[in-house]
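The values are calculated or read from the model by the stated rules, or taken from the named source; none is laboratory data. Only a predicted model underlies this, so the values are computations on that prediction, with no experimental measurement involved. Cβ placement follows ideal geometry from the backbone for every residue including glycine, while neighbour counts extend to all protein chains displayed.
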Amino acid sequence: MTLADSAIRWYEENARDLPWRQPDTSAWAVLVSEVMLQQTPVVRVEPAWRAWMNRWPTPADLAVDPPSEAIRMWGRLGYPRRAMRLHACAVAIVERHGGRVPDDLDQLLALPGVGTYTGRAVATFAYGQRHPVVDTNVRRVVCRAVEGKPDAGPNTTTADLVAMEALLPEEPAVAAKASIAFMELGAIVCVARAPRCVDCPFEQVCAFRQSGEAIPAGPSRKPQRYAGTDRQVRGLLLEVLRNATAPVPRQRLDTVWVDDVQRARALAGLVEDGLVEPLDSDADRFVLAGDHPPRFPTLL
DNA sequence: GACCCGTGGTC
DNA sequence: TGACCAAGGGT
């Protein structure tokens, strides 16, 4: 039995029942879930995904609303640039593809916010095509089971795609199942810090398990600080703007962080990124990108 | 390749 | 409690 067969058999018995895995899930719904899942845990994505899909069932529904609404609906999922890119993605899908999420990988990869992982995930899970789908979970599972190393590098490389390709069954539908099975295995069994090898279908064949080595202490990736960074300040500024029902005066934003230089840099960064706009009429007040009446009827 | 980009949960 | 981590993408 191949690794893929073994993984699929395990998946059939142990997969989580996630809403975007239902057979009738639209390609748009899959795309939204994949973007939300970029660096955000499943437990926080699930309610946000339901609310998002309820409000914007199709790309066209989202495309007619301003980016500010997407940023608000994003809530506290983190990395709000993803919300903006998802909005831009909806616009691009309407403009380039008549409102239908493309099934061609190159067209998917050309969409805002869709990279190597997400493009392949949509082509595979929404359209049933045969592509290697390599995320951090797959990389870790393959790295351990096949190469016998405790952890993979931080980024997906061509070599990772080639390695996974070699493990895929020929039949596209089976290959898709294998990819989701490898991902699920990495997410709930072959986890980064304390893998549950006794529950793993690869236990008897895993090269790393056979080596008898332990997972080295210390970070498997470069540690990422948050406290005191521009990211934290951006988060504080955006929280105020998200919750605002009227344009926010600069003085209000000045209260979120004491360091003038860093606060100004963070605000400029948000404007640069297109998340926030100064009001045309009044450069001393700010709104989320695209915020306009009727949300702010006083501006009329 | 290195670095930037949020947020909250776990141990 | 601070370090580590979570289905990446863009520059």
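May I ask you to list the residues in the range A:183-234 that are charged (D, E, K, R) and over 30 Å from A:PHE286 (Cα atoms)?
A:GLU184, A:ARG193, A:ARG196, A:ASP199, A:GLU203, A:ARG209, A:GLU213, A:ARG221, A:LYS222
One line per residue, one yes/no per condition, for (1) assigned to a helix (DSSP H, G or I); (2) among the charged types (D, E, K, R); (3) at pLDDT 95 or above:
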position	(1), (2), (3)
A:ARG76	no, yes, yes
A:ARG82	yes, yes, yes
A:CYS89	yes, no, yes
A:ILE93	yes, no, yes
A:GLY113	no, no, yes
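Working only within the range A:82-100, note down all residues that are within 11 Å of DNA strand B (Cβ to nearest atom) and surrounded by fewer than 17 Cβ atoms within 10 Å (Cβ to Cβ).
Matches in the range A:82-100: none.
Any chance the range A:201-214 includes a residue that's of a type in the set (Asp, Glu), within 16 Å of DNA strand C (Cβ to nearest atom) and under 29 Å from A:ALA181 (Cβ atoms)?
Yes.
Considering the range A:35-77 alone, what residues qualify as being under 30 Å from A:ARG221 (Cα atoms), surrounded by 22 or more Cβ atoms within 10 Å (Cβ to Cβ) and touching a residue at least 60 places away in the same chain (Cβ under 8 Å)?
A:VAL35, A:ILE71, listed by residue number.
Within the range A:219-229, is there a residue that is farther than 30 Å from A:ALA121 by Cβ and either within 15 Å of DNA strand C (Cβ to nearest atom) or outside the structural domain of A:PRO132 (by TED's automatic domain parsing) (or both)?
There is at least one residue in the range A:219-229 that is farther than 30 Å from A:ALA121 by Cβ and either within 15 Å of DNA strand C (Cβ to nearest atom) or outside the structural domain of A:PRO132 (by TED's automatic domain parsing) (or both).
Taking interchain pairs and intrachain pairs at least six residues apart, which have beta carbon atoms under 9 angstrom, with the first residue in the range A:220-235 and under 30 Å from A:VAL141 (Cα atoms) and the second surrounded by 10 or more Cβ atoms within 10 Å (Cβ to Cβ) and of a type in the set (Asp, Glu)?
These pairs meet every condition: A:SER220/A:ASP151; A:ARG221/A:ASP151.
I'd like to verify a number: residues in the range A:246-266 that are surrounded by 13 or more Cβ atoms within 10 Å (Cβ to Cβ) and assigned to a loop (DSSP other than H, G, I, E, B), how many?
3
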